[in-house]
Each structure stands twice: as C-alpha cells, then as structure tokens.
Amino acid sequence: MFSPKVAAAKKLNLADNVRVKKWMYKQRTSDYVFKKLKLDVGLDKVLTNPKLHLYAAYIDRFNKQNPTKKVSMLDMFTKTYGDNGVIKLLGMGTNDATIMTFTSRLRTELVSKWVTSGKSADEIFTLLKLDTTGFKIFTTPPANKDFTNSMLYLYAVYLDKFNRQYPTKRISMFDMLSKAYGENGVAKMVELGMKNPTMEKVSSRLRGDLLNKAMI
C-alpha cells in the first residue's frame, strides 16, 4: 500500500554521460563524487542541487561495474548528515519529479537499512518522534500533495518492508499507535484524519482496524 516505486536515475545528457564515464575510468570513489558535486555543503542545499541526478547515475554505473563492491546512494548522505539528517531531508516538501525520484529511492534504501540492521518497530517509532507528536500526525500539512505526513509515511514504508521480510512477526500501524495513545486516542486520530484529504488513506485503514478490534 505504501511501498514507493524506485525509479532509475534521470537520463544523462552527453556532457554528463562523459563526466560519469571519466569518474569510472579514473576509479573515483563515491566520497570523491559526493564532494565534487557539492552535496556535502549543507542539508538545506541538497534538494536544490542541479547535479543531484548525476550522483544517482554515478552510483548506478559504479554498482553495475562493481557487483561485488556495491554501494548505496544512502551511504554518503548518512555518513555526512546522519540518520536524523536524512530523515529531515525526506521531510522537505517538493513536487519536482526528479527530486521525488531521488527522495523515493533514498527512503527505500533507508528503510531497507533499518530492517536489515535489526531496528525494531518501537525504535523507529521513537526515532521519527511519532510517540510525541500525537494528534498533529493527522493534522499537520503533508510535505506535498502526494504524501501523508512525511514521518508517518516513512514509518508506513518501514512497516511494509518489515512485514514482507518477517511475515510471521507482522506489525500494524494500528498496533503501534494504540500502544502509544490507546484505542480512544487512535479513534480521535481517525476522526481528525478523515477530515484531512491527504490523510484519508491511512485513516481509512486505521478505521477498519478499529472496527475489526471492536468485533473481536
């Protein structure tokens, strides 16, 4: 339901294609390319960097030529800004298609890292501050028209990934929210969410969980 599609890097023009080939020929590292493209100069400048797609293209080319030494696009962003910085980056609003391709890919790599490293649903819930934001989760304007609340959306993507990898240990959004706020709190969130068009999808799912719980 919440799993984003991970698109390939934007097609390069001739000059950019030559540039990537040059990096590969000279065996430039991801660290070198990241800094060369000035992606390390500040979190607030990442999404407006016109060469963002070039870094994604370099990562794709590197992994294709070095299948036993694969790197992720996430690696340098985490190394430079930390997990919290990446989370903040994913919460920055944009409707630009190229940037949304980048953030979708970064989000997918981040939740994959969390799942494979053994991060628990409780740890991620707390990391995203979903245990303290309360009803604001369902009333705060989303990052853009296609997203729900950015932290809630990120958590939903994490849960989808976790549940696919561990089908016998399934955890629902309802489980986590009710643990933090109680069933009455979730009911209030659903009520608020149903009034917010951008939250209708997740609110409908939670409403169904509430009704199923009441019938048990």
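Quick one: what pairs do we get from region 151-180, first residue charged (D, E, K, R), second in a helix (DSSP H, G or I), C-beta under 6 Å, 6+ apart or different chains?
Sorted first by the residue in region 151-180, then by its partner, the pairs are Lys161/Val111; Lys161/Val115; Arg170/Asn163.
Test each condition in (1) aliphatic (A, V, I, L, M); (2) under 23 Å from Trp114 (Cα atoms); (3) at pLDDT 95 or above for Met73 and report the one that comes out false.
With (1) aliphatic (A, V, I, L, M); (2) under 23 Å from Trp114 (Cα atoms); (3) at pLDDT 95 or above applied to Met73, the lone miss is (3).
Suppose we filter Thr126, Thr148, Thr140, Thr198 for residues that are under 26 Å from Leu106 (Cβ atoms), at pLDDT below 90 and in a helix (DSSP H, G or I); which single one remains?
Of the residues listed, the single one that is under 26 Å from Leu106 (Cβ atoms), at pLDDT below 90 and in a helix (DSSP H, G or I) is Thr198.
Out of region 97-118, which residues are part of a helix (DSSP H, G or I) and polar (S, T, N, Q)?
Within region 97-118, Thr98, Thr101, Thr103, Ser104, Thr108, Ser112, Thr116 meet the criteria.
Taking into account only those residues within region 168-198 that are hydrophobic (A, V, I, L, M, F, W, C) and buried (at least 18 other Cβ atoms within 10 Å of the Cβ), which is nearest to Thr132 (Cα to Cα)?
Looking at residues that are hydrophobic (A, V, I, L, M, F, W, C) and buried (at least 18 other Cβ atoms within 10 Å of the Cβ), I get Leu177.
Hey, can you tell me all the residues within region 193-208 that are free of Cβ contacts under 8 Å to residues at least 60 places away in the same chain, within 14 Å of Phe174 (Cβ to Cβ) and in contact with a helix residue (DSSP H, G or I) (Cβ under 6 Å, 6 or more places away or on another chain)?
Gly193, Leu206, Arg207, listed by residue number.
The values are calculated or read from the model by the stated rules, or taken from the named source; none is laboratory data. Note that the structure is predicted; figures quoted are calculated from it, not measured. Quick reminder, even Gly has a Cβ in these numbers, built from the backbone with ideal geometry, and neighbours come from all protein chains shown.
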